[in-house]
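What follows is one structure encoded as structure tokens, with my remarks underneath.
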Amino acid sequence: EINNESLDINEENKVVFLDTYLPFHPDYTMQKQRPPSEPEIYFSKLRAFFDSIEKQLSIKVIVALHPRSSYSKAELNAYFGNRTCQQNNTAQLIKDAKFIISGPSTSISFAILFKKPIQLITTDEIKTHNLEFGATLSYSKELNSPIINISNPENYKQYSIPKIHTSNYDVYIENYLSCSKEKDKLSTEILI
């Protein structure tokens, strides 16, 4: 069961993890590829990272589930450590968050639009997966956002929230989310 009720946690106390449904995403099956990581390895590293930053920052990690995910209640508890998980509410969760944690996800666009800091994450296993890690590197370069390899707890032992590089966000919005040369036209005119 997924909790889609509104949360009584203010922005200062909430960080949102954007679930990419790794390692279960159906794209891996369709493309006849092995997922970048085994579930037990990936989720244990996620939980350790979440536990650490929650303790260090006195903050709660909320999970914005991938829209195509179909975790059971037992899987949600096992994989995410009994944290609040919501599906189909990603934009609102991001809007109300202090910062975002993510691998490569199109939902990062919401964080950019709402001007939220983005912490990109990877693992030793994901770093060997060219497509997955390549996408993470691209986001990092475009947004000037740091990547933490959560395979090693030393990498986040003294964690601090990443900074927003507004100029990078503005360029990203211009290049990927809007088109200023069409700004004087109605949406219908642009679509046509």
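The values are calculated or read from the model by the stated rules, or taken from the named source; none is laboratory data. Computed from a predicted structure; not experimentally measured. All Cβ positions, even for glycine, are placed from backbone atoms using ideal geometry, and neighbour counts span all protein chains on display. Accessible surface areas use protein heavy atoms only, side chains included; no ligands, DNA or RNA. Shrake-Rupley method; radii C 1.70, N 1.55, O 1.52, S 1.80 Å.
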Of all the residues that make up region 26-51, how many are of a type in the set (Ser, Thr, Tyr), at pLDDT 75 or above and surrounded by fewer than 18 Cβ atoms within 10 Å (Cβ to Cβ)? 1
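Whether any residue in region 177-192 is under 20 Å from the mean Cα position of the chain (by Cα) and of a type in the set (Ser, Thr, Tyr) is what I want to check. Step through it out loud before you land on a result.
Here is the first cut: in region 177-192, the residues under 20 Å from the mean Cα position of the chain (by Cα) are 177.
Adding the requirement that they be of a type in the set (Ser, Thr, Tyr) leaves none.
For region 177-192, residues under 20 Å from the mean Cα position of the chain (by Cα) and of a type in the set (Ser, Thr, Tyr): absent.
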Tell me yes or no: at least one residue of region 125-138 is at pLDDT 95 or above and touching a helix residue (DSSP H, G or I) at 6+ places or on another chain (Cβ under 7 Å). no
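Of everything in region 159-170, what is free of Cβ contacts under 8 Å to residues at least 12 places away in the same chain and not in a helix (DSSP H, G or I)? Give them in sequence order. Walk me through how you get there before you give the answer.
Initially, region 159-170 is screened for residues free of Cβ contacts under 8 Å to residues at least 12 places away in the same chain, giving 160, 167, 170.
The answer is SER160, and nothing else.
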Going through region 113-142 one residue at a time, which ones are within 22 Å of ASP51 (Cα to Cα) and surrounded by 16 or more Cβ atoms within 10 Å (Cβ to Cβ)? LYS116, PRO117, ILE118, GLN119, LEU120, ILE121, THR122, THR123, GLU125, ILE126
So ASN82 fits all but one of (1) part of a loop (DSSP other than H, G, I, E, B); (2) touching a residue at least 24 places away in the same chain (Cβ under 8 Å); what number is the exception? (2)
Flag for LEU93 being in contact with a Leu (Cβ under 9 Å, 6 or more places away or on another chain) and open to solvent by 40 Å² or more (accessible area, probe 1.4 Å): no
So which residues in region 29-74 are more than 21 Å from VAL15 (Cα to Cα), free of Cβ contacts under 8 Å to residues at least 12 places away in the same chain and either small (Gly, Ala, Ser) or not in a loop (DSSP other than H, G, I, E, B) (or both)? THR29, MET30, GLU40, SER70, SER72, ALA74
Residue by residue through region 171-192, note down the ones that are under 24 Å from SER145 (Cα atoms), hydrophobic (A, V, I, L, M, F, W, C) and not in a helix (DSSP H, G or I). CYS179
Output for Cβ contacts, cut-off 8 Å, separation at least six or different chains, first residue closer than 18 Å to PRO162 by Cβ and in contact (Cβ under 8 Å) with a residue 12 or more places away in the chain in region 109-133, second open to solvent by 80 Å² or more (accessible area, probe 1.4 Å) and part of a loop (DSSP other than H, G, I, E, B), reads PRO117/LYS163
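Being of a type in the set (Lys, Arg) and closer than 17 Å to ILE147 by Cβ: is that true of LYS127 here? Spell out the reasoning first.
Details: of a type in the set (Lys, Arg): yes; closer than 17 Å to ILE147 by Cβ: yes.
Yes; evaluated as a whole, the condition is true for this residue.
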When residues of region 59-83 are limited to those that are surrounded by 20 or more Cβ atoms within 10 Å (Cβ to Cβ) and out of contact with any Phe, Trp or Tyr (no Cβ under 6 Å at 6 or more places or on another chain), the one farthest from ILE147 (Cα to Cα): TYR71
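Has region 100-112 got any residue that is more than 13 Å from TYR21 (Cβ to Cβ), open to solvent by 50 Å² or more (accessible area, probe 1.4 Å) and modelled with pLDDT of 95 or more?
yes
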